[in-house]
1. Can you give me the convex hull volume of the Cα atoms of the range 3-165, divided per residue and expressed in Å³?
2. Quick one: putting +1 on the C-beta of Lys and Arg, -1 on the C-beta of Asp and Glu, what dipole do you get for the range 295-336 around its Cα centre, in Debye to the nearest 20?
3. Given Cα positions, please report Rg to Rh for the range 152-241, the hydrodynamic radius being the Kirkwood one.
4. Provide the per-residue ³J(HN,Hα) series for the range 105-121, in order, calculated from phi with Karplus coefficients 6.51, -1.76, 1.60 and θ = phi - 60°, each as a whole number of Hz, with x at glycine and proline positions.
5. Can you give me the long-range amide H partners of residue 319? Hydrogens built in the peptide plane at 1.01 Å from N, cutoff under 5 Å, separation of 5 or more residues or another chain.
6. Please report the base-10 log of the normalised intensity I(q)/I(0) for the range 173-338, using a Debye sum with one equal scatterer per alpha carbon and no solvent, at each q in 0.10, 0.13, 0.15, 0.19 (1/Å).
7. Return the subset of 130/331; 181/331; 129/151; 145/221; 46/221 for which the Cα-Cα distance in this structure is over 31 Å, preserving the input order.
8. Across all directions of projection, what mean area in square nanometres is found for the Cα convex hull of the chain?
Amino acid sequence: MNPTQLSVQLNCPLPKLDFEVITLGHGSGGLLTHRLLKAGVFTILKNPLLNEQHDGASLNLSGPVAFSTDSYVISPIFFPGGNIGELAVNGSINDVAMCGAMPQYLSLAFIIEEGLTMNEFWEVLLGIKKASEAAGVPIVTGDTKVVERGKGDKLFINTSGIGAIHPRAKIRISQIQPGDKILVNAPIAQHGVAILSVRQGLEFETSITSDTRPLHMIVRKLLDECGEAIHFLRDPTRGGVATVLQEVASQAGVGIELVQSHIPMDEQVEGACEMLGLDPLYVANEGVFISIVSPQFSERALQILKTEFSTAAIIGEVIAGHPGQVVLKSKIGGRRVVTMLPGEQLPRIC
């Protein structure tokens, strides 16, 4: 994106700086740091709390809260459907939401490798601004560091989120019981395949884009109507659906049965996984979440999910048999045990 396009997206002229790329001086804490923050971060992400420009933010919170932090080292930093900035904002929002909380504030920290262009940095900031405003969750504090060329791979981001826990939320592994239904909101494996397509220069008949998006509002709808019947929530990022469910089976001491034909997946994504020899159950997602719901509320929970995600589905069930194991019933009728992924299918995916 060139400077003119960025100015249009930001709805304001880009500031004129003395440098086209970020240097070590921009991380010194001195004049260059001040110029970078004032021209970029504080101008683009401005809000009353961030405008204080203090070392931290003073927040109003009451009752039980959820707090989560995550770091993003994705390569490349720009990909179909988003960039590392949007991913970081949505990721921390979703981590807080999976605790049954409504995210209210975010922190944002950059580790920038010298040589990153100002235009790239502003484009990331634009992604952060759009994601934060769309979700209604402001960035209220943060930090910026610069490391030597060759030690940062362009840009790393850390975000933390905090928010009040929903009064009806009781999201715990210990709540899971045999008979509970396992639901997923959207097609799986889209994010991982989108990233891999960029890395490998693959071309598909249609564009496969990352599914990065905030999930807190649909979670709130579930909790508003189903409350304590929502026993567990988790977004299957690294390691995918298989890893999350294997963790659940092991920690809860229950068995899990999945039906492959019920798991939603885009045809292009499925074809790409077959071509690349990837099991989509282990591929990372960024806009998908798993909910484990008591059987009495499972159909209602599915109806709620379908108000926003037409492909939402019940993909399996918690059972008392084969505790600690996840078993998949394949499309051709066979059964196989879904184990924990021993290594990393796709490194640097988020």
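1. Hull volume normalised by residue count: 109 Å³.
2. The dipole magnitude comes to about 240 debye.
3. When Rh is taken as the Kirkwood radius, the ratio is 1.05.
4. 9, 10, 9, 9, 10, 10, 10, 9, 7, 4, x, 4, 6, 4, 5, 5, 4
5. HN-HN under 5 Å from residue 319: 179, 255, 256, 257.
6. Cα-only, vacuum Debye calculation for the range 173-338: -0.35, -0.60, -0.79, -1.23.
7. 130/331; 145/221, as the Cα separations exceed 31 Å there.
8. Mean projected area for the chain: 18.4 nm², to one decimal.
Where a number appears in this text, it was derived from the coordinates with a stated rule and is not lab data. Being a predicted model, the structure only gives us computed values, none of them experimental. Positions of Cβ are generated from backbone atoms using ideal geometry, with glycine treated the same way; all protein chains shown enter the neighbour counts.
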